1. Counting just the residues of region 88-106 that are at positive phi and exposed (fewer than 13 other Cβ atoms within 10 Å of the Cβ), which one comes out nearest to the ligand (Cβ to nearest atom)?
2. Scan region 129-146 for residues that are within 14 Å of the ligand (Cβ to nearest atom), over 12 Å from the mean Cα position of the chain (by Cα) and among the β-branched types (V, I, T) and report the count.
3. Please work out which residue is surrounded by the most Cβ atoms within 10 Å (Cβ to Cβ), limiting yourself to region 156-186 and to residues that are acidic (D, E) and free of Cβ contacts under 8 Å to residues at least 24 places away in the same chain.
4. Could you check region 233-269 and list, in sequence order, the residues that are within 28 Å of M312 (Cα to Cα) and open to solvent by 40 Å² or more (accessible area, probe 1.4 Å)?
5. Go through (1) surrounded by 15 or more Cβ atoms within 10 Å (Cβ to Cβ); (2) away from the ligand (no atom under 14 Å from the Cβ) for N209 and report which single condition fails.
6. If A68 meets every condition in (1) part of a helix (DSSP H, G or I); (2) of a type in the set (A, V, I, L, M, F, W, C); (3) within 16 Å of the ligand (Cβ to nearest atom); (4) surrounded by fewer than 23 Cβ atoms within 10 Å (Cβ to Cβ) apart from one, which number is that one?
7. Within region 243-259, is there a residue that is without any contact (Cβ under 8 Å) to a residue 40 or more places away in the chain and polar (S, T, N, Q)?
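The values are calculated or read from the model by the stated rules, or taken from the named source; none is laboratory data. This is a predicted model, so every value here is computed, not measured. Heads up, the Cβs are rebuilt from the backbone with ideal geometry, glycines too, and the neighbour counts pull from every protein chain shown. Accessible surface is based on the protein model in full, side chains and every heavy atom, while ligands, DNA and RNA are left aside. Shrake-Rupley method; radii C 1.70, N 1.55, O 1.52, S 1.80 Å.
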Amino acid sequence: MTVSKLRLQDSVKAPVCGEFPYRSGQSNLMSQFRSSVPSERFPAEKDRYVLYVNHCCPWCHRAVIVHALKGLGDHVVHIVEVDARDPMHGWYFSGLRGPSRDPIYGFKWMKELYQKADPQYNGRITVPMLWDKKTGTIVNNESSDILHMFIEGFDSLLPLGKREATKGAAAFVPKHLRVEIDQLNAWIYDNINNGVYKVGFATTQAAYNEHVMKLFQAFDKLEQHLSQPFHQPFLFGNYITEADIRLYTTLIRFDVAYYTLFKCNLKMIRTDYPRLHTWLRRLYWSEGPETGNGAFKRTTFFDVIKRGYSSMATENGIIPIGPIPNVMPL
Ligand SMILES: N[C@@H](CCC(=O)N[C@@H](CS)C(=O)NCC(=O)O)C(=O)O
């Protein structure tokens, strides 16, 4: 992803959970950890890599969903939950949901892992982060790279039926749709995944007005997209693609967090977007093989999401009660 793509206006402040708003002259803020599996330094090997995540974070969630859909949990990539964040020192292992110490080195703070990888490191301490136990360093901390690695980088370790190249039309990025999927992903990223942050962290009324309108125009467009031939039940037809996964992580948080806490409150998915609502509920509730027997639901933790966004958006830590239920039944 290019820096210019990430550049936001100065009227949007830096969120703790979300894309960093790059401002002019800050191009050196791109992550330095952008290696891949498989590569000479980081071959695909079982039990070698660890993914650190927090379940509030939508960027982590996309990697976690693919991890579940591909069955990478069976001794390929271990997931470790880093479940708390201190305003001064960042992510740490609290023991409340995840472990109370990093299971590899016994560290308390995520920043100790970053400093082990690079003692001079002074960038953001973010999740998701993919760690290599063998060389004791960070492979990558950019969720779209990790997502792509999980889609096919570990395929040599998986049964044939799970490999991207042998899945044909059921691939997460089928060859004949690659360009369309990439275009939709970029647009969804700018207007929706990152769009909610531009609204939630706007520091002027003008910025808020601009970004909130763009966000709902994007939903209107997607609602129309889902009405077109070959665009349902999923965004590109009968199979879940990378675009569905990327959109899901924002939409499942929308009514319960962004609508209330980020003031994205012009419309709700459940009351105003019938096609998007059906699409969302199908992904969430389906227990069939197309969702890895419920991978979307299994990886969605509403208590963590509500608590996490409340602590970001309000001073007093009060968690809004509604809407109830978190997801309507199908
Ligand atoms: N570009 C990164 C962004 C990841 C990100 O912003 N993660 C947030 C959690 S949602 C984080 O760790 N924030 C901690 C901080 O900035 O101190 C990605 O997509 O992986």
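1. Looking at residues that are at positive phi and exposed (fewer than 13 other Cβ atoms within 10 Å of the Cβ), I get G95.
2. The number of residues fulfilling the criteria is 2.
3. Filtering first and then ranking leaves E164.
4. Y259, T260, K263, N265, L266, K267
5. Single failed check for N209: (1).
6. Checking A68 against (1) part of a helix (DSSP H, G or I); (2) of a type in the set (A, V, I, L, M, F, W, C); (3) within 16 Å of the ligand (Cβ to nearest atom); (4) surrounded by fewer than 23 Cβ atoms within 10 Å (Cβ to Cβ), the one that fails is (3).
7. no
Yes/no per residue for (1) more than 30 Å from E290 (Cβ to Cβ); (2) touching an Asp or Glu at 6+ places or on another chain (Cβ under 6 Å); (3) without any contact (Cβ under 8 Å) to a residue 24 or more places away in the chain:
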residue: G71; (1), (2), (3): no, no, no
residue: E81; (1), (2), (3): no, no, no
residue: S94; (1), (2), (3): yes, yes, yes
residue: M110; (1), (2), (3): yes, no, no
